[in-house]
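Take a look at the structure below.
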Amino acid sequence: MALDPSFIGRSYPPTEPYEVGREKIREFAVAIGDANPAYTDAEAAKALGHPDVIAPPTFPFAITYRAAGQVVEDPELGLDYSRVVHRDQQFRYTRPVVAGDRLAVEVTIDAIKTLAGNDVLTVRGEVTDATGEHVVTSVMTLVARAADETGE
Amino acid sequence: MAISYDEVEVGTELPAQSFPVTRATLVQYAGASGDFNPIHWNEKFALEVGLPDVIAHGMFTMAEAARVVTDWVGDPAAVIEYGVRFTRPVPVPNDGVGAVIEVTAKVAKKLDDRTVQVDLVATTGGQKVLGMSKAVVRLA
């Protein structure tokens, strides 16, 4: 079933702030095997001009993906999540995520298309800090494979 | 040591890197990222939904590819844009060896404000797993 294009442009209320912990950043950096000291050593991060340890470039996805749940699980939109694959991901950074940040995400549906029977959904998350300043924009494109397509 | 904009040219290659990934890597990444989709750890489930094997999180591959850029520039905050297309999954067999993600990158364009566009290529088993992968990086 094709998604309703009238959802294009729909925004969802900003999420409750996510507080970024130093140890969460460390856990993420260890999980991706990245030993860059800016992620784990506050002094090293400060030497680069940052107020505290910073998070790796893809870390914000953990926050924006959770926020995008509002879209993915919106019963009015009716996306069949069991058939969804992540096709594209983009980030545009004003600054890196820093430990201690309290980040809210405002999610907007940027595009809905149908390609060869598959629904293509582009969801943008604008991430702002406690002062309302922009931190990073995450743009995620999901493809929901048509229900009659088999075993690819 | 910071990379100077004046010292790089279109075609400058970044040091290539190889990133091993095992089932244990995926379980650890699932926990750290909060993405517990069973296609990344449950072989029975992955096969049932038509995948060849358990596959790596796309965002894990994206994170590894970024390391080629951040290791080159030193300060990860120098990355001001980063985007990829996930063109093919990375199957991770439960054979004690797993898979290897190979990443190469080179400067594709010199842009304004001392920034450059870096194009990335990520492969596993000789097959491309990321397409249209690029980062915009601010140099010294």
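The values are calculated or read from the model by the stated rules, or taken from the named source; none is laboratory data. Keep in mind that this is a model prediction, so the values were computed, not measured. Glycine gets a Cβ as well: all are built from the backbone with ideal geometry, and neighbour counts include every protein chain shown.
Scanning the range B:1-12 for residues that are surrounded by 12 or more Cβ atoms within 10 Å (Cβ to Cβ) and either assigned to a helix (DSSP H, G or I) or of a type outside the set (A, V, I, L, M) (or both) returns B:Y5, B:T12. Please verify whether B:E81 is modelled with pLDDT of 95 or more, more than 25 Å from A:Y65 (Cβ to Cβ) and either touching a strand residue (DSSP E or B) at 6+ places or on another chain (Cβ under 6 Å) or within 11 Å of chain A (Cβ to nearest Cβ) (or both), treating the condition exactly as stated. In short, no. Residues in the range A:26-65 that are hydroxyl-bearing (S, T, Y), in contact with a Lys or Arg (Cβ under 8 Å, 6 or more places away or on another chain) and surrounded by fewer than 23 Cβ atoms within 10 Å (Cβ to Cβ): A:T40 only.
Looking only at residues of the range B:48-60 that are hydrophobic (A, V, I, L, M, F, W, C) and modelled with pLDDT under 95, we find that the one that is farthest from A:V84 (Cα to Cα) is B:L51. Only a single item in (1) buried (at least 19 other Cβ atoms within 10 Å of the Cβ); (2) out of contact with any helix residue (DSSP H, G or I) (no Cβ under 7 Å at 6 or more places or on another chain); (3) within 13 Å of chain A (Cβ to nearest Cβ); (4) not small (G, A, S) is not met by B:V100, and it is number (1).
Scanning the range B:26-67 for residues that are of a type in the set (G, A, S), buried (at least 17 other Cβ atoms within 10 Å of the Cβ) and in a helix (DSSP H, G or I) gives B:A30, B:A32, B:S33, B:A46, B:G58, B:A63, B:A65, B:A66.
Could you check the range A:65-86 and list, in sequence order, the residues that are more than 18 Å from A:A2 (Cα to Cα) and in contact with a helix residue (DSSP H, G or I) (Cβ under 9 Å, 6 or more places away or on another chain)? Let's see the steps before the verdict.
First, pick out the residues of the range A:65-86 that are more than 18 Å from A:A2 (Cα to Cα): A:65-70.
Selection gives A:Y65 alone.
Total residues in the range A:88-101 satisfying the condition of being facing chain B (nearest Cβ under 7 Å), hydroxyl-bearing (S, T, Y) and out of contact with any helix residue (DSSP H, G or I) (no Cβ under 8 Å at 6 or more places or on another chain): the figure is 0.
A:A2 passes every criterion in (1) farther than 23 Å from B:V69 by Cα; (2) crowded, with 19+ Cβ neighbours inside 10 Å; (3) modelled with pLDDT under 95 apart from (2). Candidates A:V107, A:V123: the one that is in contact with a Phe, Trp or Tyr (Cβ under 9 Å, 6 or more places away or on another chain), touching a residue at least 24 places away in the same chain (Cβ under 8 Å) and either within 14 Å of chain B (Cβ to nearest Cβ) or surrounded by 20 or more Cβ atoms within 10 Å (Cβ to Cβ) (or both) is A:V107. Can you find a residue in the range B:122-136 that is buried (at least 16 other Cβ atoms within 10 Å of the Cβ), modelled with pLDDT of 95 or more and more than 14 Å from every other protein chain (Cβ to nearest Cβ)? Yes, the range B:122-136 contains at least one residue that is buried (at least 16 other Cβ atoms within 10 Å of the Cβ), modelled with pLDDT of 95 or more and more than 14 Å from every other protein chain (Cβ to nearest Cβ). Beta carbons closer than 8 Å, at least 6 apart along the sequence or on distinct chains, pair a first residue in the range A:76-87 that is more than 9 Å from chain B (Cβ to nearest Cβ) with a second that is in a helix (DSSP H, G or I) and of a type outside the set (A, V, I, L, M) for A:E76/A:F7; A:L77/A:F7.
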